[in-house]
Amino acid sequence: MTAAALKLSAGRLAPGLMAGVLLAVLAKLLATSLHAPAPLIAVVLGMMLGALGLQTQLGVGLDVFAKPGLRLGVAMMGAQISWAEFAALGGPAVLASGVVVLGGLAIGAAAGVALGLPFAEALIAAAACSICGASAALAASQAAPASPANQRTTALVIVGVNLLSTVAMLAYPPLAHALGLTAHQAGVFFGLSIHDVAQVAGAGASVSPETASTAALAKLARIVWLGPAVVLIGLVLTRSKAGGVVSGLKAPPLFVLGFFALAAARGLNLIPAAMVSTLMACSSFLLLAGVGAISAKLGPKALLEVKPKLAMMLGTVTVAVAILAYALTRIFF
């Protein structure tokens, strides 16, 4: 590639890259000052940028964050899985979290199809409700076929699960008390049922320190299933519409393999503590930039295309996951 071509390529990338960085930084700062979920702020900021009609000028650079950057951010999430902490909850946590994740995916897929949603969009929404909110929606969207409809659904799902997580953060602590759950059981229930990590922490902290630490560990148990769930979603979506026959099994996406590799490295103590913090910070930044980039490319007009069916499905799966989480908490903890 000639120097002139490199300069032209850099010139096309730079505006969108700068916009993506700015979106992530502003989302983090505003989330801290407003005590609001950072992914939700990133969606709002991205929509505002999209309203300016600069998609042509920014699109190439934004694609870097919306595609490879987003996948790298999901892969880096593997570094937050500490097997020593995870083992503190024991085998029941593995089983209970797996039931919540797989049950939520199955219920979400069935509810989405019953409501008339495209199957891929139903799985993206189901992943968000079953695993870890915005991060899971983004990861599932990378396993689904690339399309404007799937990108729009992903952005709207992020908004929806953040709102539902906030409602759950406020409603579940008094609900746990009314149901007679102990501090430990309440933490498990919060971690298994609330979508996003920040709201899990908020719900736990509102009860007791023990509840907060238990909730964090229970949530970690669900995040462990992110990689396998994305692989499962990718395999399910390889089935053709004609007869449901597998049209060709694909290897797991590279970002899923990266997730597993970092999780294994963390479990074997191959990653220094300082590097773990760096990887988690980079993951958070890339996920926020990816959310902002997708939203900026869509623009606020996407909000006018919200399907009531999608909102109904998110609510249905949220309730189903909460019921599953409560039953499993009673059985195992």
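Do we find a residue being loosely packed, with under 15 Cβ neighbours inside 10 Å, more than 17 Å from the chain's Cα centre (by Cα) and at pLDDT 90 or above anywhere in the stretch 319-326?
Applying the first criterion (loosely packed, with under 15 Cβ neighbours inside 10 Å) to the stretch 319-326 yields 319, 323.
Restricting the remaining residues to those that are more than 17 Å from the chain's Cα centre (by Cα) gives 319, 323.
Cutting the leftovers down to at pLDDT 90 or above gives us 319, 323.
Scanning the stretch 319-326, I find at least one residue that is loosely packed, with under 15 Cβ neighbours inside 10 Å, more than 17 Å from the chain's Cα centre (by Cα) and at pLDDT 90 or above, so the answer is yes.
Among the residues of the stretch 178-198, how many are part of a helix (DSSP H, G or I), open to solvent by 10 Å² or more (accessible area, probe 1.4 Å) and touching a residue at least 24 places away in the same chain (Cβ under 8 Å)?
5
Considering only residues that are in contact with a Pro (Cβ under 9 Å, 6 or more places away or on another chain) and without any contact (Cβ under 8 Å) to a residue 60 or more places away in the chain, look in the stretch 59-101 and name the one that is most open to solvent (accessible area, probe 1.4 Å).
Val60
Just to verify a result, which residue in the stretch 17-52, among those that are in a loop (DSSP other than H, G, I, E, B) and without any contact (Cβ under 8 Å) to a residue 40 or more places away in the chain, is least open to solvent (accessible area, probe 1.4 Å)? Walk me through how you get there before you give the answer.
Step one: list which residues in the stretch 17-52 are in a loop (DSSP other than H, G, I, E, B), which gives 35-37, 51-52.
Filter once more, keeping what is without any contact (Cβ under 8 Å) to a residue 40 or more places away in the chain: 35-36, 52.
On the way: His35: 168, Ala36: 32, Leu52: 115 Å².
Here the residue is Ala36.
Ala110 versus (1) out of contact with any Cys (no Cβ under 8 Å at 6 or more places or on another chain); (2) of a type in the set (A, V, I, L, M); (3) open to solvent by less than 50 Å² (accessible area, probe 1.4 Å): which is the lone unmet condition?
So Ala110 meets the others, but not (3).
Does Thr166 satisfy being among the β-branched types (Val, Ile, Thr), more than 16 Å from Leu287 (Cα to Cα) and surrounded by fewer than 24 Cβ atoms within 10 Å (Cβ to Cβ)? Before you say what the answer is, go through the steps one by one.
Values: among the β-branched types (Val, Ile, Thr): yes; more than 16 Å from Leu287 (Cα to Cα): yes; surrounded by fewer than 24 Cβ atoms within 10 Å (Cβ to Cβ): yes.
Here the answer is yes, as Thr166 does meet what is asked.
The values are calculated or read from the model by the stated rules, or taken from the named source; none is laboratory data. The structure presented is a predicted model; accordingly, all values stated were derived computationally and were not measured. Using ideal geometry, Cβ is built from the backbone for each residue, glycine included, and neighbour counts are taken over all protein chains shown. Side chains included, ligands, DNA and RNA excluded: accessible areas come from the protein's heavy atoms. Shrake-Rupley method; radii C 1.70, N 1.55, O 1.52, S 1.80 Å.
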